[in-house]
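I have placed the structure first, in the form of C-alpha cells, so that the comments after it can refer back to it.
The values are calculated or read from the model by the stated rules, or taken from the named source; none is laboratory data. Here the structure is a predicted model, which means the values were calculated and not measured. A quick note on method: Cβ atoms are made from the backbone with ideal geometry, for glycine too, and the neighbour counts reach across all protein chains shown. Side chains included, ligands, DNA and RNA excluded: accessible areas come from the protein's heavy atoms. Shrake-Rupley method; radii C 1.70, N 1.55, O 1.52, S 1.80 Å.
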Amino acid sequence: VQLQAFGGGLVQPGGSLRLSCAAAGFNFRLNTIGWYRRPPGKQREFVADITSGHSTNYSDSVKGRFTISRNNVYRTMYLQMNNLKPEDTAVYYCKTKYKNRDYWGKGTLVTVSS
C-alpha cells in the first residue's frame, strides 16, 4: 500500500489550496480514505474522510471550508481547502485502512501566513 500526498505550499489567509493523494497497492474504490493533519507542536488530528460510497465526514474546524472528494479511475483523493486560516497550518497526511492495518502517506506541508 502506497499513499503520497502533494500540493502543499504557502498561502495567505483567506486563500485556497488543493491537496491530492495518489494511492496504489490496494483496491482503492472499496476503501474509506481520509485526511489528517499535524499542526506545529500538536498531535495529529482528523480532518475529513470519504467512504467507498462517497459519504463524507469533516471535523468541525474545517466544515464548510474544506471539501473532500475522490476519483476512483485515477485512484486519487483530493482536499479542496478554501478560506484558509493560520490555524490550518500543518503537515497534511492521507490515510487508509487495509486488512485491519492503518497506512499513512508522507505528508505535505501547508503554511497559512501573510
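General observations
Rundown of residues vs (1) under 17 Å from Asn100 (Cα atoms); (2) not in a loop (DSSP other than H, G, I, E, B), yes/no style:
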{"residue": "Gln4", "(1), (2)": "no, yes"}
{"residue": "Cys21", "(1), (2)": "no, yes"}
{"residue": "Arg29", "(1), (2)": "yes, yes"}
{"residue": "Gln43", "(1), (2)": "no, no"}
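- Condition met for Ser69 (of a type in the set (Ser, Thr, Tyr) and open to solvent by 70 Å² or more (accessible area, probe 1.4 Å)): no
- Residue under evaluation Tyr78, criteria (1) in contact with a strand residue (DSSP E or B) (Cβ under 8 Å, 6 or more places away or on another chain); (2) modelled with pLDDT under 95, criterion not met: (2)
- Any hit, segment 101-114, residues being in contact with a helix residue (DSSP H, G or I) (Cβ under 6 Å, 6 or more places away or on another chain), touching a residue at least 24 places away in the same chain (Cβ under 8 Å) and open to solvent by less than 70 Å² (accessible area, probe 1.4 Å): yes
- Evaluation of Lys95 against the conditions (1) farther than 16 Å from Arg18 by Cβ; (2) open to solvent by 70 Å² or more (accessible area, probe 1.4 Å); (3) not aromatic (Phe, Trp, Tyr) shows that the sole unmet condition is (2).
- Hits in segment 11-40 (condition: of a type in the set (A, V, I, L, M) and closer than 14 Å to Phe66 by Cβ): Val11, Leu17, Leu19
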